[in-house]
Amino acid sequence: MTQPTPAPGSVALVTGGTGGFGRALATKLRALDVTVVLADLDSDRNRQVAADLDSQFVALDVTDRAANETVVAQIEAEHGRLDAAYLNAGISAAKSDDALDMDEFMKVVAIDLFGVVYGVEAARPVIRRAGGGAMVVTASLAGLSPMAGDPGYSVAKGGAIAFVRSMAPRLARENITISAICPGFADTAIIDRIRDQFTAASFPVLTADEVADAMVMAWTSAEPGAAYVIQPGVGTIPYKFKGVPSAKTATGETAVVPETLRPPSMR
Ligand SMILES: NC(=O)c1ccc[n+]([C@@H]2O[C@H](COP(=O)([O-])OP(=O)(O)OC[C@H]3O[C@@H](n4cnc5c(N)ncnc54)[C@H](O)[C@@H]3O)[C@@H](O)[C@H]2O)c1
């Protein structure tokens, strides 16, 4: 079945936009006549990458809550709208030994989890004013299957998936679909430290292009709150969450959480 594509002339923000997934995504979105704003740490290299992709560059450190607001306000002022926010910036730990490096742990969580939360907070009113749209969070398979070598990354990505699922109903009421993509290892700079080990073991890794296809799909076709697993040789599939046992009443019936404890979107 052919997937719907974003409308030409729509506007997308991509954080971590000059990295591997961001570049592959920008290429696809520009081919669809989407206006692309790549937000990333400020450097000559990153500015040049955006220019080469016929995309706008904005300097953004996603851990700066106020700066997230400034960037989306600037996009709305300049382009009149924001239709999609790709909250994609991320890092992983620089090493994987048995010590728990708390400084590094906090840094990874600040970027990979709080960077997403601030991005959602900032983009929400602007996408709502555009009549609705999409937020796509680049989580990771590590958020569903924690990595023993990187606790901070696992916590941040698991938290990002939980955040997406928790926010989905209220955003859906505003015509905003939020979803997460959860790629396995993919060939970008983030795996530079460990790429040789994959090669030596003939372990398959995704291309950035395969992941970017899933990111485009998530804009137009995601289910609210869904987490899409992407794995080499498997493709993109929605992860089936198992759920948890419900509480039982004294008579053995399934207990229903009181309506007043649910957000308006769930009543
Ligand atoms: N490549 C993989 O194997 C893989 C797998 C699953 C998930 N991911 C996730 O995909 C996302 C994109 O990563 P990638 O694979 O393209 O790697 P990448 O290293 O090429 O890109 C990451 C980008 O994030 C930017 N960034 C880092 N800190 C930032 C900050 N504080 N503010 C703004 N931008 C910041 C970097 O400058 C870089 O451009 C990340 O969230 C990563 O965790 C990657």
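Consider the stretch 69-106 and keep the residues that are of a type in the set (A, V, I, L, M, F, W, C) and in a loop (DSSP other than H, G, I, E, B). The one that is nearest to R30 (Cα to Cα) is L82. Restricting attention to the stretch 197-211, the residues being among the aliphatic types (A, V, I, L, M) and either within 15 Å of the chain's Cα centre (by Cα) or surrounded by fewer than 16 Cβ atoms within 10 Å (Cβ to Cβ) (or both) number 4. For the stretch 90-145, filtering for residues that are more than 12 Å from I178 (Cβ to Cβ) and hydrophobic (A, V, I, L, M, F, W, C) leaves 20. Of all the criteria given as (1) surrounded by 20 or more Cβ atoms within 10 Å (Cβ to Cβ); (2) more than 10 Å from the ligand (Cβ to nearest atom); (3) part of a helix (DSSP H, G or I), the one not satisfied by A66 is (1).
Here F57 does not qualify as out of contact with any strand residue (DSSP E or B) (no Cβ under 6 Å at 6 or more places or on another chain), modelled with pLDDT of 95 or more and either surrounded by 24 or more Cβ atoms within 10 Å (Cβ to Cβ) or in a strand (DSSP E or B) (or both). Checking V34, V136 one by one, the residue that is among the β-branched types (V, I, T), under 23 Å from I161 (Cα atoms) and surrounded by 17 or more Cβ atoms within 10 Å (Cβ to Cβ) is V136 and no other. Being within 14 Å of the ligand (Cβ to nearest atom), among the hydrophobic types (A, V, I, L, M, F, W, C) and not in a loop (DSSP other than H, G, I, E, B): is that true of V117 here? Spelling it out, V117 is indeed within 14 Å of the ligand (Cβ to nearest atom), among the hydrophobic types (A, V, I, L, M, F, W, C) and not in a loop (DSSP other than H, G, I, E, B). Which residue pairs have Cβ atoms closer than 7 Å, lie 6 or more positions apart in sequence or on different chains, and pair a first residue in the stretch 121-143 that is farther than 30 Å from A93 by Cα with a second residue that is in a helix (DSSP H, G or I) and charged (D, E, K, R)? The qualifying pairs are V126/E76. For the stretch 120-129, the tally of residues that are within 15 Å of the ligand (Cβ to nearest atom) and either of a type in the set (D, E, K, R) or not in a helix (DSSP H, G or I) (or both) stands at 0. Looking only at the stretch 207-230, residues that are in contact with a helix residue (DSSP H, G or I) (Cβ under 6 Å, 6 or more places away or on another chain), small (G, A, S) and within 13 Å of the ligand (Cβ to nearest atom) come to 3 in all.
Filtering the stretch 212-267 to residues that are in contact with a Ser or Thr (Cβ under 8 Å, 6 or more places away or on another chain), part of a helix (DSSP H, G or I) and crowded, with 16+ Cβ neighbours inside 10 Å leaves A212, D213, A214, M215, V216, M217, A218.
If the condition is being free of Cβ contacts under 8 Å to residues at least 12 places away in the same chain, over 25 Å from G80 (Cβ atoms) and within 15 Å of the ligand (Cβ to nearest atom), then the stretch 1-53 contributes S43, D44, Q48, D52. For A110, state whether it is over 25 Å from A212 (Cβ atoms), within 16 Å of the ligand (Cβ to nearest atom) and either within 19 Å of the chain's Cα centre (by Cα) or touching a residue at least 40 places away in the same chain (Cβ under 8 Å) (or both). The answer is yes for A110. For the stretch 187-206, taking the residues that are within 10 Å of the ligand (Cβ to nearest atom) and in a loop (DSSP other than H, G, I, E, B), the one that is farthest from M135 (Cα to Cα) is identified as I194. Filtering A31, A50, A85, A134 for residues that are over 16 Å from V216 (Cα atoms) and of a type in the set (G, A, S) leaves a single hit, A50.
The values are calculated or read from the model by the stated rules, or taken from the named source; none is laboratory data. Quick caveat, the model's predicted, so the values are computed rather than measured. Cβ sites come from the backbone with ideal geometry, for glycine too, and all protein chains shown count toward neighbours.
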